[in-house]
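Contents: one structure, followed by commentary.
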Amino acid sequence: MPSVYEATHEYAVAQDQVDTLFPFRERFLFPQHNGENVVYFCGNSLGLQPKSVEYLMNKELRDWAKYGVEGHFQAGYPWFSYHSIFNERLSKIVGAKKDEVVAMNALTVNLHLLMMSFYRPSGKRYKILMEAGAFPSDQYAMESQVRMHGYDPEDAIIEITPQAGKHTIEDIDIINGIKVAGDSLAVVMIGGVNYYSGQFFDLEQITKAAHSVGAYCGFDLAHAVGNVPLQLHEWNVDFACWCTYKYLNSGPGAVGGAYVHERHGNDPTLPRLAGWWGNEEKTRFQMKKGFIPQKGAGSWQMSNAPVFNMVAHNASLDLFDKAGLDNLREKSIHLTGYMEFLLRQITHLSFEIITPSIPEKRGCQLSMLFDNNGRKVFDTLTEQGVVADWREPNVIRIAPVPMYNSYEDCYRLYNILMSIEL
Ligand SMILES: *Cc1c(COP(=O)(O)O)cnc(C)c1O
């Protein structure tokens, strides 16, 4: 397949014409630059707005005006059970059972709530293993979790670093790290797709290794959800959480998500922080003492659903359903492969693609590490109407997302890069 790629505008346009997902581009709003759509490669940071959001948001506002409190039962999507309209679609996206997922809170909050249940250090089993250079929020979360239990992060957090001279971490290094840590390990917590390099880890093998030493295994799927195929249930993952404003296009600060394997979700003896919305529905409104967790991940909910923060999530998940996850992944592999092919034609700029080139080891993001002048290249792209993403010290991340990016977008980026003189 990759051998037939061509670095021409005609080729790119022809690919768009045969792309069955191309029409989905029309369902999103693109920021404008000089009266034209920008080339938007930042879906890994904030996904674009589905056009249907405005209508759905207004509908919710009208229901509130029309029904007041009765909207909990009378609204088009009754607010009482609003959170549950996501389960079926989310469960497909992360490869789980319907009751194993829940839309709630935000990512870092969910990470803490799940750690409250799964990080219960005792005796010599008190360590957390994670990848070095994890997203700062995850680092802060783990640091504060170990402090909360009276441990020193320097001692209680094990970080796996890339081998000398490399930019990505081999799965085997994580697995060996887990084995070395052995029964000192309480939890393994890894970002499923690394936000910086775009590397997709082998979640199944990492889970297996964690379980073999008696540790729980959880993943932050911020950059994985809606981007790479996931089978959390089958892989036996204990817990996971994600945000929905990146590849899931659900809007800034939108509701997050969480997954808990049913063997834990259906175990009422597993400690969790409780609120009324996690209680079983039958007895929730009896206003009595004694928390009875509902079955599944829903029992980690505390508060009633933030409806206005979930409207775009509803709109976006519909588009994932319509496009089909297999179709999206198939296009993603081909589209990112094309972008990579084009970038490799560029020899006058000094950069290296640090994202793995094997499709199974990445999603759609490519990270370009520059020797120097990276910032200048980035600023030129911005001036020319390309929205990419700059990460200190010298990385430009671009994410051709299969839902709304085109082959022509990739070609336009290539064309601009070709014209840059430093
Ligand atoms: C985007 C991202 C976050 C952001 O956390 P919020 O709680 O949604 O603000 C956290 N962790 C990772 C790995 C991310 O990629």
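Measuring r between the beta carbons of N34 and Q345 and using R0 = 25 Å, the FRET efficiency lands at 0.40. By the rule of a C-alpha distance below 15 Å, with chain neighbours fewer than 8 residues away ignored, the aspartates and glutamates paired with K295 are D99, E100, E262, D267, E280, E281.
Accessible area of F22 (1.4 Å probe, protein heavy atoms only, ligands and nucleic acids ignored): about 80 Å².
Each Cα pair under 8 Å and six or more residues apart adds its sequence gap; the mean of these over the residue count of the stretch 316-422 is a relative contact order of 30 percent. In loop segments of the stretch 210-316 as defined by DSSP, the trypsin sites (Lys or Arg not before Pro) with at most 10 further C-beta atoms inside 10 Å of their C-beta are K288, K289. Annotation: extensible slack from K98 through D152 equals 15.6 nm (criterion: 0.36 nm per residue apart, minus Cα-Cα distance). Relative contact order of the stretch 146-217: 28 percent, from C-alpha pairs under 8 Å at least 6 residues apart in sequence. Averaging sequence separations of C-alpha pairs under 8 Å and six or more residues apart, then dividing by the length of the chain, give the relative contact order as a whole percent. Relative contact order here is 23 percent.
Inter-label distance, E159 to K179: 2.5 nm, where each label sits 7 Å from its Cα along the C-beta direction. For the pair K51 and R284 in one chain, pulling the backbone fully straight at 0.36 nm per residue adds 80.2 nm over the alpha carbon distance.
The values are calculated or read from the model by the stated rules, or taken from the named source; none is laboratory data. Predicted model only: the values in this text are computed from it and were never measured. For neighbour counting, all protein chains shown are included, and Cβ atoms are generated from backbone atoms with ideal geometry for every residue, glycine included. What goes into the accessible areas is simple: the full protein's heavy atoms, side chains included, and nothing from ligands, DNA or RNA. Shrake-Rupley method; radii C 1.70, N 1.55, O 1.52, S 1.80 Å.
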